[in-house]
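One structure is given below, encoded as C-alpha coordinates.
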Amino acid sequence: MEKIIIEANESVAEVVEKILSAKDADIVLIIPKNSALKGSVSNFHLIKHEAEASKKNVLIESVDEEVLALAHSSHLESLHPLLNTQHSTADIIEEEDFAPKKKAREGKVKVIVSEEGAYPEEIRKPSRRPSFSFPKMDFPAKKIIIAAAIVLVLAVGGWAAAAYLPRVTVVLTLKQTPWSISNNFEAKQDASLNASSSLLAAELFSQNKNITQFYDATGKSNVSQKATGVITIFNAYSSASQELVATTRFVTPDGKIYRLNNTTVVPGAQVVGGKITPSSISAPVTADKAGDSYNIGPVSHFSIPGFAGTARYNGFYGSSAQPMVGGFVGVKQVPTANDIAAAKQSIASALASVLSPNLFLSQLPTGFKIINGASTTTVDKIIVIPDTNSQGQFSVFAQGTVKALGFQENDIKDIFSSLWQSVAGYPAAARNLTLDYKLIKADFKNNQLDFQVNASATLVSAVSADDFKSQVTGKSEDDLRSFILGLPGVDKANISFWPFWVHGVPKDVNRVKIEIQ
(Lines give C-alpha, C1' and ligand atoms only; values in the text may rest on other atoms or scores of the structure.)
Protein backbone atom coordinates (compact mmCIF):
# COMPACT_ATOMS: atom_id res chain seq x y z
CA MET A 1 0.00 0.00 0.00
CA GLU A 2 1.45 3.36 -1.07
CA LYS A 3 1.14 6.35 1.29
CA ILE A 4 0.88 9.85 -0.19
CA ILE A 5 1.27 12.88 2.09
CA ILE A 6 -0.85 15.85 1.02
CA GLU A 7 0.23 19.42 1.75
CA ALA A 8 -2.32 21.76 3.34
CA ASN A 9 -2.35 24.13 0.34
CA GLU A 10 -2.54 21.47 -2.40
CA SER A 11 -5.55 21.67 -4.71
CA VAL A 12 -7.74 18.75 -5.68
CA ALA A 13 -6.15 18.78 -9.16
CA GLU A 14 -2.72 18.24 -7.64
CA VAL A 15 -4.04 15.47 -5.40
CA VAL A 16 -5.65 13.69 -8.35
CA GLU A 17 -2.35 13.96 -10.25
CA LYS A 18 -0.60 12.18 -7.38
CA ILE A 19 -3.22 9.42 -7.32
CA LEU A 20 -2.90 8.81 -11.06
CA SER A 21 0.91 8.84 -10.85
CA ALA A 22 1.01 6.32 -7.98
CA LYS A 23 2.43 2.92 -8.90
CA ASP A 24 0.44 0.98 -6.29
CA ALA A 25 -3.26 0.28 -6.73
CA ASP A 26 -3.91 0.68 -2.98
CA ILE A 27 -3.29 4.24 -1.80
CA VAL A 28 -3.49 6.02 1.58
CA LEU A 29 -3.96 9.81 1.33
CA ILE A 30 -2.64 11.47 4.49
CA ILE A 31 -4.51 14.80 4.69
CA PRO A 32 -3.45 17.38 7.32
CA LYS A 33 -5.63 19.73 9.32
CA ASN A 34 -6.80 22.89 7.57
CA SER A 35 -6.38 21.22 4.16
CA ALA A 36 -7.68 23.19 1.19
CA LEU A 37 -9.69 20.11 0.27
CA LYS A 38 -12.18 20.96 3.05
CA GLY A 39 -13.42 23.83 0.89
CA SER A 40 -15.98 21.64 -0.84
CA VAL A 41 -17.37 18.12 -0.62
CA SER A 42 -17.08 18.03 -4.42
CA ASN A 43 -13.33 17.72 -3.98
CA PHE A 44 -13.82 14.33 -2.30
CA HIS A 45 -16.39 13.30 -4.92
CA LEU A 46 -13.80 14.03 -7.64
CA ILE A 47 -11.13 12.07 -5.78
CA LYS A 48 -13.43 9.05 -5.54
CA HIS A 49 -14.48 9.30 -9.19
CA GLU A 50 -10.90 9.51 -10.54
CA ALA A 51 -9.71 6.76 -8.21
CA GLU A 52 -12.41 4.42 -9.47
CA ALA A 53 -11.72 5.41 -13.09
CA SER A 54 -8.04 4.53 -12.65
CA LYS A 55 -8.93 1.31 -10.75
CA LYS A 56 -7.28 2.42 -7.53
CA ASN A 57 -8.49 2.02 -3.94
CA VAL A 58 -8.14 5.18 -1.84
CA LEU A 59 -8.20 5.38 1.97
CA ILE A 60 -8.31 8.83 3.65
CA GLU A 61 -6.19 9.17 6.80
CA SER A 62 -6.49 12.41 8.82
CA VAL A 63 -6.62 13.79 12.36
CA ASP A 64 -9.08 16.40 11.10
CA GLU A 65 -12.58 15.16 11.89
CA GLU A 66 -14.10 17.46 9.29
CA VAL A 67 -11.93 15.86 6.60
CA LEU A 68 -13.03 12.41 7.80
CA ALA A 69 -16.66 13.48 7.69
CA LEU A 70 -16.38 14.83 4.14
CA ALA A 71 -14.57 11.66 3.00
CA HIS A 72 -17.24 9.49 4.58
CA SER A 73 -20.03 11.48 2.95
CA SER A 74 -18.34 10.82 -0.43
CA HIS A 75 -18.29 7.09 0.36
CA LEU A 76 -14.51 7.07 0.75
CA GLU A 77 -13.05 4.87 3.47
CA SER A 78 -11.36 7.00 6.13
CA LEU A 79 -9.21 6.49 9.20
CA HIS A 80 -8.21 8.54 12.26
CA PRO A 81 -4.57 7.50 13.01
CA LEU A 82 -4.76 8.46 16.72
CA LEU A 83 -8.11 6.88 17.40
CA ASN A 84 -7.20 3.93 15.17
CA THR A 85 -10.76 4.00 13.88
CA GLN A 86 -11.80 3.37 10.31
CA HIS A 87 -14.97 5.19 9.18
CA SER A 88 -16.84 2.80 6.97
CA THR A 89 -20.08 2.08 8.87
CA ALA A 90 -22.18 4.08 11.28
CA ASP A 91 -20.84 3.80 14.82
CA ILE A 92 -20.04 5.80 17.96
CA ILE A 93 -16.55 5.55 19.47
CA GLU A 94 -15.47 7.08 22.71
CA GLU A 95 -11.76 7.26 23.57
CA GLU A 96 -9.95 8.63 26.62
CA ASP A 97 -6.25 9.62 26.73
CA PHE A 98 -5.11 7.50 23.74
CA ALA A 99 -2.00 9.55 22.97
CA PRO A 100 0.04 12.47 24.35
CA LYS A 101 -2.21 14.86 22.45
CA LYS A 102 -5.25 13.46 24.20
CA LYS A 103 -3.55 13.63 27.61
CA ALA A 104 -3.06 17.32 27.11
CA ARG A 105 -6.79 17.75 26.90
CA GLU A 106 -9.20 17.94 29.78
CA GLY A 107 -12.22 15.71 29.61
CA LYS A 108 -13.22 13.32 26.89
CA VAL A 109 -13.34 13.31 23.13
CA LYS A 110 -16.32 11.66 21.52
CA VAL A 111 -16.48 10.97 17.77
CA ILE A 112 -19.93 10.29 16.37
CA VAL A 113 -19.99 8.63 12.96
CA SER A 114 -23.19 8.10 11.01
CA GLU A 115 -24.39 7.94 7.43
CA GLU A 116 -24.55 11.75 7.41
CA GLY A 117 -20.88 12.15 8.39
CA ALA A 118 -18.46 12.17 11.34
CA TYR A 119 -18.58 14.92 13.95
CA PRO A 120 -16.33 15.49 17.00
CA GLU A 121 -17.92 16.23 20.34
CA GLU A 122 -15.62 17.60 23.06
CA ILE A 123 -16.53 17.72 26.73
CA ARG A 124 -14.25 20.19 28.47
CA LYS A 125 -14.11 22.01 31.78
CA PRO A 126 -15.74 25.40 31.82
CA SER A 127 -13.54 28.11 30.31
CA ARG A 128 -13.10 31.54 31.79
CA ARG A 129 -12.64 33.12 28.41
CA PRO A 130 -15.32 35.61 27.34
CA SER A 131 -17.93 34.24 24.97
CA PHE A 132 -19.08 35.88 21.78
CA SER A 133 -22.35 35.64 19.97
CA PHE A 134 -23.30 36.39 16.41
CA PRO A 135 -26.57 37.67 15.11
CA LYS A 136 -28.92 34.95 14.04
CA MET A 137 -29.95 34.71 10.42
CA ASP A 138 -33.28 33.56 9.19
CA PHE A 139 -33.49 30.37 7.13
CA PRO A 140 -33.88 31.99 3.63
CA ALA A 141 -30.77 34.12 4.18
CA LYS A 142 -28.78 31.04 5.12
CA LYS A 143 -29.94 29.25 1.99
CA ILE A 144 -28.89 32.18 -0.21
CA ILE A 145 -25.42 32.35 1.37
CA ILE A 146 -24.94 28.58 1.12
CA ALA A 147 -26.08 28.57 -2.52
CA ALA A 148 -23.75 31.46 -3.35
CA ALA A 149 -20.85 29.69 -1.66
CA ILE A 150 -21.55 26.49 -3.61
CA VAL A 151 -21.71 28.41 -6.90
CA LEU A 152 -18.43 30.16 -6.08
CA VAL A 153 -16.70 26.92 -5.16
CA LEU A 154 -17.97 25.21 -8.30
CA ALA A 155 -16.89 28.16 -10.45
CA VAL A 156 -13.38 28.21 -8.94
CA GLY A 157 -13.18 24.43 -9.18
CA GLY A 158 -14.33 24.50 -12.78
CA TRP A 159 -11.82 27.19 -13.67
CA ALA A 160 -8.99 25.24 -12.00
CA ALA A 161 -10.07 22.04 -13.73
CA ALA A 162 -10.19 23.76 -17.12
CA ALA A 163 -6.82 25.45 -16.60
CA TYR A 164 -4.76 22.68 -15.00
CA LEU A 165 -6.44 19.29 -15.43
CA PRO A 166 -6.93 18.70 -19.18
CA ARG A 167 -4.26 16.61 -20.82
CA VAL A 168 -3.92 14.04 -23.58
CA THR A 169 -1.54 11.11 -23.99
CA VAL A 170 -0.93 9.60 -27.42
CA VAL A 171 0.98 6.34 -27.80
CA LEU A 172 2.05 5.65 -31.37
CA THR A 173 3.22 2.17 -32.36
CA LEU A 174 5.22 2.40 -35.58
CA LYS A 175 5.51 -0.21 -38.29
CA GLN A 176 8.94 -1.90 -38.26
CA THR A 177 10.57 -3.01 -41.49
CA PRO A 178 13.82 -5.07 -41.43
CA TRP A 179 16.42 -3.69 -43.88
CA SER A 180 19.90 -4.79 -44.94
CA ILE A 181 22.29 -4.04 -47.78
CA SER A 182 25.87 -4.68 -48.91
CA ASN A 183 27.69 -1.95 -50.80
CA ASN A 184 31.25 -1.26 -52.02
CA PHE A 185 32.91 2.09 -51.32
CA GLU A 186 36.00 3.91 -52.52
CA ALA A 187 37.66 6.68 -50.51
CA LYS A 188 40.28 8.95 -52.11
CA GLN A 189 42.28 11.89 -50.87
CA ASP A 190 41.12 15.24 -52.36
CA ALA A 191 37.95 13.60 -53.74
CA SER A 192 34.41 14.94 -53.18
CA LEU A 193 31.44 12.93 -51.94
CA ASN A 194 29.54 11.29 -54.79
CA ALA A 195 26.56 9.25 -53.58
CA SER A 196 25.76 7.77 -56.99
CA SER A 197 29.21 6.16 -57.33
CA SER A 198 29.74 5.54 -53.60
CA LEU A 199 32.85 7.72 -53.69
CA LEU A 200 34.00 9.22 -50.39
CA ALA A 201 36.52 11.91 -49.52
CA ALA A 202 39.49 10.42 -47.66
CA GLU A 203 41.87 12.19 -45.30
CA LEU A 204 45.48 11.10 -44.73
CA PHE A 205 46.67 11.30 -41.14
CA SER A 206 50.35 10.80 -40.28
CA GLN A 207 52.64 11.17 -37.29
CA ASN A 208 56.43 10.84 -36.83
CA LYS A 209 58.07 9.34 -33.76
CA ASN A 210 61.67 8.67 -32.72
CA ILE A 211 63.27 6.88 -29.79
CA THR A 212 66.79 6.26 -28.47
CA GLN A 213 67.71 3.20 -26.44
CA PHE A 214 70.90 1.86 -24.84
CA TYR A 215 72.17 -1.73 -25.10
CA ASP A 216 74.99 -3.63 -23.43
CA ALA A 217 78.13 -4.16 -25.48
CA THR A 218 79.59 -7.64 -24.93
CA GLY A 219 82.82 -7.29 -26.98
CA LYS A 220 86.17 -5.82 -25.91
CA SER A 221 88.82 -3.99 -27.90
CA ASN A 222 91.96 -1.90 -27.50
CA VAL A 223 90.83 1.56 -28.41
CA SER A 224 92.37 4.98 -28.65
CA GLN A 225 89.74 7.73 -28.55
CA LYS A 226 90.04 11.47 -28.60
CA ALA A 227 87.81 13.69 -26.47
CA THR A 228 85.23 15.82 -28.25
CA GLY A 229 83.11 18.82 -27.40
CA VAL A 230 81.73 22.17 -28.58
CA ILE A 231 83.30 25.64 -28.27
CA THR A 232 81.91 29.08 -28.94
CA ILE A 233 84.16 31.26 -31.16
CA PHE A 234 84.02 35.07 -30.67
CA ASN A 235 84.92 37.89 -33.10
CA ALA A 236 85.80 41.03 -31.17
CA TYR A 237 88.16 42.22 -33.88
CA SER A 238 86.17 43.83 -36.71
CA SER A 239 82.86 43.91 -38.56
CA ALA A 240 84.31 41.64 -41.24
CA SER A 241 83.67 37.91 -41.05
CA GLN A 242 86.55 35.51 -40.56
CA GLU A 243 86.92 32.02 -42.05
CA LEU A 244 88.61 29.37 -39.92
CA VAL A 245 89.59 26.20 -41.76
CA ALA A 246 89.09 22.68 -40.41
CA THR A 247 91.81 21.56 -37.89
CA THR A 248 92.32 25.19 -36.74
CA ARG A 249 93.87 24.87 -33.29
CA PHE A 250 92.36 26.22 -30.04
CA VAL A 251 94.59 26.06 -26.95
CA THR A 252 93.63 25.98 -23.27
CA PRO A 253 95.56 28.03 -20.68
CA ASP A 254 97.43 24.81 -19.68
CA GLY A 255 98.42 23.99 -23.28
CA LYS A 256 95.87 21.35 -24.36
CA ILE A 257 95.04 21.63 -28.05
CA TYR A 258 91.60 21.03 -29.65
CA ARG A 259 90.97 21.32 -33.40
CA LEU A 260 87.92 22.41 -35.41
CA ASN A 261 86.12 19.49 -37.04
CA ASN A 262 84.86 21.59 -39.95
CA THR A 263 85.62 24.88 -41.69
CA THR A 264 83.73 27.60 -39.83
CA VAL A 265 82.97 31.23 -40.72
CA VAL A 266 82.82 33.56 -37.72
CA PRO A 267 80.40 36.45 -38.44
CA GLY A 268 81.56 40.05 -38.21
CA ALA A 269 81.21 42.01 -34.99
CA GLN A 270 78.83 44.95 -34.63
CA VAL A 271 80.61 48.30 -34.50
CA VAL A 272 78.51 51.21 -33.23
CA GLY A 273 80.09 54.58 -32.41
CA GLY A 274 83.53 53.07 -32.52
CA LYS A 275 82.58 50.42 -29.95
CA ILE A 276 82.70 46.72 -30.87
CA THR A 277 80.05 44.25 -29.78
CA PRO A 278 81.55 40.76 -30.33
CA SER A 279 79.75 38.22 -32.54
CA SER A 280 79.90 34.46 -31.94
CA ILE A 281 79.29 31.01 -33.44
CA SER A 282 79.40 27.49 -31.97
CA ALA A 283 81.43 24.68 -33.59
CA PRO A 284 82.43 21.06 -32.69
CA VAL A 285 86.09 20.31 -31.84
CA THR A 286 88.21 17.19 -31.22
CA ALA A 287 91.22 16.83 -28.95
CA ASP A 288 94.61 16.82 -30.63
CA LYS A 289 95.60 13.61 -28.77
CA ALA A 290 93.77 10.54 -27.39
CA GLY A 291 93.39 9.81 -23.71
CA ASP A 292 91.25 10.72 -20.72
CA SER A 293 93.56 13.65 -19.82
CA TYR A 294 91.69 15.64 -22.48
CA ASN A 295 88.33 15.04 -20.75
CA ILE A 296 88.23 18.51 -19.18
CA GLY A 297 85.52 20.74 -17.78
CA PRO A 298 84.25 24.04 -19.21
CA VAL A 299 86.99 26.49 -20.26
CA SER A 300 86.49 30.25 -20.15
CA HIS A 301 89.18 31.11 -22.74
CA PHE A 302 90.71 29.33 -25.72
CA SER A 303 93.38 31.19 -27.75
CA ILE A 304 94.11 30.67 -31.43
CA PRO A 305 97.87 30.18 -31.84
CA GLY A 306 97.58 30.68 -35.62
CA PHE A 307 96.92 34.39 -34.96
CA ALA A 308 99.87 34.80 -32.59
CA GLY A 309 101.89 37.94 -33.36
CA THR A 310 98.94 39.69 -35.04
CA ALA A 311 96.12 42.01 -33.87
CA ARG A 312 93.64 39.15 -34.48
CA TYR A 313 95.20 37.10 -31.65
CA ASN A 314 93.35 39.11 -29.00
CA GLY A 315 90.31 39.76 -31.20
CA PHE A 316 89.43 36.09 -31.85
CA TYR A 317 89.06 33.57 -29.01
CA GLY A 318 86.85 30.76 -27.78
CA SER A 319 85.14 29.30 -24.69
CA SER A 320 83.29 26.10 -23.78
CA ALA A 321 80.19 25.82 -21.59
CA GLN A 322 80.16 22.00 -21.47
CA PRO A 323 82.99 19.53 -20.70
CA MET A 324 85.06 17.70 -23.32
CA VAL A 325 84.33 13.96 -23.10
CA GLY A 326 85.19 10.59 -24.69
CA GLY A 327 88.95 10.60 -24.43
CA PHE A 328 90.21 7.08 -23.71
CA VAL A 329 93.20 4.79 -24.32
CA GLY A 330 93.04 1.09 -23.36
CA VAL A 331 90.69 -1.92 -23.42
CA LYS A 332 87.06 -0.94 -23.74
CA GLN A 333 83.71 -2.70 -24.19
CA VAL A 334 82.47 -2.49 -27.76
CA PRO A 335 79.30 -3.86 -29.46
CA THR A 336 79.67 -7.02 -31.49
CA ALA A 337 77.85 -7.70 -34.75
CA ASN A 338 75.33 -9.80 -32.82
CA ASP A 339 74.90 -6.99 -30.29
CA ILE A 340 74.09 -4.55 -33.09
CA ALA A 341 71.70 -6.94 -34.91
CA ALA A 342 69.79 -7.71 -31.69
CA ALA A 343 69.64 -4.00 -30.82
CA LYS A 344 68.18 -3.12 -34.24
CA GLN A 345 65.49 -5.78 -33.89
CA SER A 346 64.64 -4.66 -30.37
CA ILE A 347 64.37 -0.96 -31.19
CA ALA A 348 62.25 -1.68 -34.29
CA SER A 349 59.74 -3.54 -32.09
CA ALA A 350 59.74 -0.72 -29.53
CA LEU A 351 59.20 1.85 -32.28
CA ALA A 352 56.23 -0.11 -33.66
CA SER A 353 54.44 0.08 -30.31
CA VAL A 354 55.07 3.82 -30.16
CA LEU A 355 53.72 4.19 -33.70
CA SER A 356 50.40 2.40 -32.96
CA PRO A 357 47.50 4.21 -34.71
CA ASN A 358 45.41 3.86 -31.55
CA LEU A 359 47.71 6.33 -29.80
CA PHE A 360 46.65 9.25 -32.00
CA LEU A 361 43.06 8.29 -32.85
CA SER A 362 41.85 10.48 -29.99
CA GLN A 363 43.45 13.47 -31.72
CA LEU A 364 41.48 13.03 -34.95
CA PRO A 365 38.86 15.63 -35.95
CA THR A 366 35.31 14.83 -34.84
CA GLY A 367 33.40 12.39 -37.04
CA PHE A 368 36.36 10.71 -38.78
CA LYS A 369 36.49 6.93 -38.90
CA ILE A 370 39.64 4.82 -39.29
CA ILE A 371 38.82 1.16 -39.85
CA ASN A 372 41.07 -1.83 -39.17
CA GLY A 373 43.46 -2.30 -42.08
CA ALA A 374 43.49 1.37 -43.08
CA SER A 375 46.76 2.22 -41.31
CA THR A 376 50.43 1.39 -41.73
CA THR A 377 53.72 1.97 -39.87
CA THR A 378 57.21 2.31 -41.35
CA VAL A 379 60.69 2.44 -39.79
CA ASP A 380 62.43 5.27 -41.61
CA LYS A 381 65.92 4.98 -40.11
CA ILE A 382 67.99 3.17 -37.47
CA ILE A 383 71.37 4.65 -36.49
CA VAL A 384 73.81 2.70 -34.28
CA ILE A 385 76.32 4.75 -32.28
CA PRO A 386 79.00 2.20 -31.31
CA ASP A 387 80.84 4.38 -28.78
CA THR A 388 80.11 3.01 -25.32
CA ASN A 389 79.51 5.01 -22.18
CA SER A 390 80.96 4.46 -18.72
CA GLN A 391 78.46 1.59 -18.17
CA GLY A 392 79.66 -0.21 -21.29
CA GLN A 393 76.50 0.52 -23.29
CA PHE A 394 76.10 1.72 -26.86
CA SER A 395 73.11 3.71 -28.15
CA VAL A 396 70.70 3.17 -31.06
CA PHE A 397 68.47 5.85 -32.58
CA ALA A 398 65.30 4.92 -34.54
CA GLN A 399 62.71 7.04 -36.36
CA GLY A 400 59.43 5.97 -37.96
CA THR A 401 56.06 7.12 -39.32
CA VAL A 402 52.47 5.96 -38.81
CA LYS A 403 49.89 6.71 -41.52
CA ALA A 404 46.13 6.18 -41.59
CA LEU A 405 43.38 6.86 -44.13
CA GLY A 406 40.14 8.09 -42.59
CA PHE A 407 36.71 9.24 -43.79
CA GLN A 408 33.50 10.75 -42.42
CA GLU A 409 31.27 7.82 -41.40
CA ASN A 410 28.22 10.08 -41.69
CA ASP A 411 28.87 10.20 -45.46
CA ILE A 412 28.19 6.45 -45.60
CA LYS A 413 25.06 6.84 -43.47
CA ASP A 414 23.80 9.59 -45.80
CA ILE A 415 24.26 7.35 -48.83
CA PHE A 416 22.43 4.49 -47.11
CA SER A 417 19.67 6.87 -45.97
CA SER A 418 18.72 7.66 -49.55
CA LEU A 419 18.50 3.90 -50.19
CA TRP A 420 16.30 2.99 -47.24
CA GLN A 421 13.91 5.91 -47.94
CA SER A 422 13.02 4.28 -51.25
CA VAL A 423 12.43 0.95 -49.49
CA ALA A 424 10.13 2.43 -46.83
CA GLY A 425 8.21 4.64 -49.25
CA TYR A 426 7.93 7.46 -46.70
CA PRO A 427 10.33 9.55 -44.56
CA ALA A 428 11.98 6.85 -42.46
CA ALA A 429 14.61 6.55 -39.75
CA ALA A 430 16.88 3.59 -39.05
CA ARG A 431 16.87 2.01 -35.60
CA ASN A 432 19.83 -0.09 -34.41
CA LEU A 433 21.90 0.67 -37.51
CA THR A 434 25.05 -1.47 -37.70
CA LEU A 435 27.91 -1.08 -40.20
CA ASP A 436 30.27 -4.03 -40.74
CA TYR A 437 33.44 -3.21 -42.73
CA LYS A 438 34.91 -5.97 -44.93
CA LEU A 439 37.46 -6.51 -47.75
CA ILE A 440 39.61 -3.52 -46.75
CA LYS A 441 42.44 -2.53 -49.13
CA ALA A 442 44.61 0.49 -48.38
CA ASP A 443 46.93 2.04 -51.00
CA PHE A 444 49.20 4.56 -49.27
CA LYS A 445 51.11 5.30 -52.46
CA ASN A 446 47.97 6.83 -54.00
CA ASN A 447 46.23 7.52 -50.65
CA GLN A 448 43.22 5.44 -51.62
CA LEU A 449 41.00 3.08 -49.62
CA ASP A 450 38.60 0.42 -50.95
CA PHE A 451 36.21 -1.55 -48.73
CA GLN A 452 32.80 -3.16 -48.45
CA VAL A 453 30.08 -2.28 -45.92
CA ASN A 454 27.36 -4.69 -44.80
CA ALA A 455 24.60 -2.61 -43.20
CA SER A 456 21.46 -3.65 -41.31
CA ALA A 457 18.74 -1.76 -39.44
CA THR A 458 15.04 -1.62 -38.59
CA LEU A 459 13.18 1.08 -40.54
CA VAL A 460 10.44 3.11 -38.86
CA SER A 461 8.58 6.29 -39.71
CA ALA A 462 10.59 9.44 -38.93
CA VAL A 463 7.89 10.90 -36.68
CA SER A 464 9.08 13.78 -34.49
CA ALA A 465 7.45 14.01 -31.07
CA ASP A 466 7.97 17.78 -30.90
CA ASP A 467 6.52 18.35 -34.37
CA PHE A 468 3.56 16.12 -33.51
CA LYS A 469 2.77 18.16 -30.38
CA SER A 470 2.91 21.49 -32.18
CA GLN A 471 0.65 20.20 -34.97
CA VAL A 472 -2.12 18.71 -32.82
CA THR A 473 -2.57 21.34 -30.07
CA GLY A 474 -6.13 22.66 -29.99
CA LYS A 475 -7.54 19.91 -32.24
CA SER A 476 -10.78 18.14 -31.43
CA GLU A 477 -10.78 14.40 -30.74
CA ASP A 478 -12.05 13.65 -34.25
CA ASP A 479 -9.49 15.93 -35.88
CA LEU A 480 -6.74 14.32 -33.80
CA ARG A 481 -7.75 10.84 -34.94
CA SER A 482 -7.88 11.97 -38.57
CA PHE A 483 -4.45 13.53 -38.25
CA ILE A 484 -2.98 10.31 -36.85
CA LEU A 485 -4.60 8.23 -39.60
CA GLY A 486 -2.80 10.45 -42.11
CA LEU A 487 0.64 9.78 -40.61
CA PRO A 488 2.67 7.30 -42.70
CA GLY A 489 4.17 4.24 -41.07
CA VAL A 490 1.90 4.19 -38.00
CA ASP A 491 0.72 0.69 -37.08
CA LYS A 492 -1.66 1.67 -34.29
CA ALA A 493 -2.35 4.50 -31.87
CA ASN A 494 -3.79 4.78 -28.38
CA ILE A 495 -5.33 8.12 -27.30
CA SER A 496 -6.15 8.92 -23.67
CA PHE A 497 -7.89 12.12 -22.52
CA TRP A 498 -8.01 13.23 -18.89
CA PRO A 499 -10.21 14.05 -17.02
CA PHE A 500 -13.10 12.03 -18.41
CA TRP A 501 -15.01 15.07 -19.65
CA VAL A 502 -12.13 16.28 -21.90
CA HIS A 503 -12.57 15.52 -25.62
CA GLY A 504 -9.97 17.75 -27.23
CA VAL A 505 -6.25 18.45 -27.25
CA PRO A 506 -5.13 21.26 -24.89
CA LYS A 507 -3.55 24.30 -26.52
CA ASP A 508 -0.62 24.08 -24.11
CA VAL A 509 1.98 21.69 -25.58
CA ASN A 510 3.13 20.92 -22.04
CA ARG A 511 -0.23 19.20 -21.47
CA VAL A 512 0.33 16.94 -24.50
CA LYS A 513 2.35 13.75 -24.03
CA ILE A 514 3.44 11.53 -26.88
CA GLU A 515 5.15 8.16 -26.69
CA ILE A 516 6.62 6.57 -29.80
CA GLN A 517 7.15 2.83 -29.76
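At a glance:
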{"read-out": "Förster-model FRET efficiency, 35 Å R0, Ile516 and Val63, C-beta, rounded to 0.05", "value": "0.15"}
{"read-out": "Calculated from backbone phi, Karplus (6.51, -1.76, 1.60) coupling profile of the stretch 280-294 in Hz, x at Gly/Pro", "value": "8, 7, 9, 8, x, 9, 10, 4, 5, 10, 7, x, 6, 5, 8"}
{"read-out": "Order of exposure, largest accessible area first, which applies to Tyr313, Tyr426 with probe 1.4 Å", "value": "Tyr313, Tyr426"}
{"read-out": "Whole-Hz couplings from phi, Karplus 6.51/-1.76/1.60, listed for the stretch 253-270; x for Gly and Pro", "value": "x, 9, x, 7, 9, 10, 10, 4, 6, 9, 4, 10, 9, 8, x, x, 6, 8"}
{"read-out": "Stretch gain in nm, segment Ser238-Lys381, where the contour uses 0.36 nm per residue and the Cα spacing is subtracted", "value": "47.1 nm"}
{"read-out": "Qualifying GluC sites (Glu not before Pro) for the stretch 176-249 [loop in DSSP, other Cβ within 10 Å: at most 12]", "value": "none"}
{"read-out": "Interchain or long-range residues, amide H under 5 Å from Leu487's placed H", "value": "none"}
{"read-out": "Förster radius 35 Å - calculated FRET efficiency between Ala53 and Asn454, Cβ distance, rounded to 0.05", "value": "0.10"}
{"read-out": "Computed accessible area, Asp254, all protein chains, 1.4 angstrom probe, square angstrom", "value": "110 Å²"}
{"read-out": "Entries of Lys55/Lys475; Lys256/Lys344; Lys23/Lys507; Lys33/Lys507; Lys55/Lys513 with Cα pairs more than 31 Å apart", "value": "Lys256/Lys344; Lys33/Lys507"}
{"read-out": "Vicinal HN-Hα couplings computed from phi for the stretch 455-460 (Karplus, 6.51 cos²θ - 1.76 cosθ + 1.60; Hz; Gly/Pro x)", "value": "10, 8, 6, 10, 8, 9"}
{"read-out": "Net charge over other residues, Cβ less than 10 angstrom from the Cβ of Gln176 (K, R count +1; D, E count -1)", "value": "+1"}
{"read-out": "Of Lys18/Lys469; Lys381/Lys403; Lys188/Lys441, pairs whose Cα-Cα distance is over 22 Å", "value": "Lys18/Lys469"}
{"read-out": "Heavy atoms of Val170: accessible area, 1.4 Å probe, square angstrom to 10", "value": "0 Å²"}
{"read-out": "Pairwise label distance in nanometres, Asp479 with Trp501, each label 7 Å out on the Cα-Cβ vector", "value": "2.2 nm"}
{"read-out": "Cut-off 12 Å between beta-carbons: net charge of the residues surrounding Asn194, Lys and Arg +1, Asp and Glu -1", "value": "-2"}
{"read-out": "Amide H contacts of Gln207 (H built 1.01 Å from N, under 5 Å, at least 5 apart or other chain)", "value": "Val402"}
{"read-out": "Area of Ser180 that stays accessible when all protein chains are in place (1.4 Å probe, Å², to 10)", "value": "90 Å²"}
{"read-out": "Sparse-neighbour loop sites [trypsin sites (Lys or Arg not before Pro); the stretch 449-508; at most 12 other C-beta within 10 Å; DSSP]", "value": "Lys507"}
{"read-out": "Exposure ranking of Lys56, Lys38, Lys188 by accessible area [1.4 Å probe, largest first]", "value": "Lys188, Lys38, Lys56"}
{"read-out": "Solvent exposure, largest accessible area first (probe 1.4 Å, DNA, RNA and ligands not counted), of Thr173, Thr366", "value": "Thr366, Thr173"}
{"read-out": "Segment Ala13-Ser356, extension gain: residue separation times 0.36 nm, minus the distance between their alpha carbons", "value": "117.1 nm"}
{"read-out": "Within-15-Å neighbourhood charge of Lys445 [Cβ basis; K, R +1; D, E -1]", "value": "0"}
{"read-out": "Nonlocal amide H pairs with Thr247, under 5 Å, H built at 1.01 Å", "value": "Leu260, Asn261, Asn262"}
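The values are calculated or read from the model by the stated rules, or taken from the named source; none is laboratory data. Just so you know, these numbers come straight off a predicted model, no measurement behind them. All Cβ positions, glycine included, derive from the backbone under ideal geometry; neighbour counts span all protein chains shown. Accessible surface areas use protein heavy atoms only, side chains included; no ligands, DNA or RNA. Shrake-Rupley method; radii C 1.70, N 1.55, O 1.52, S 1.80 Å.
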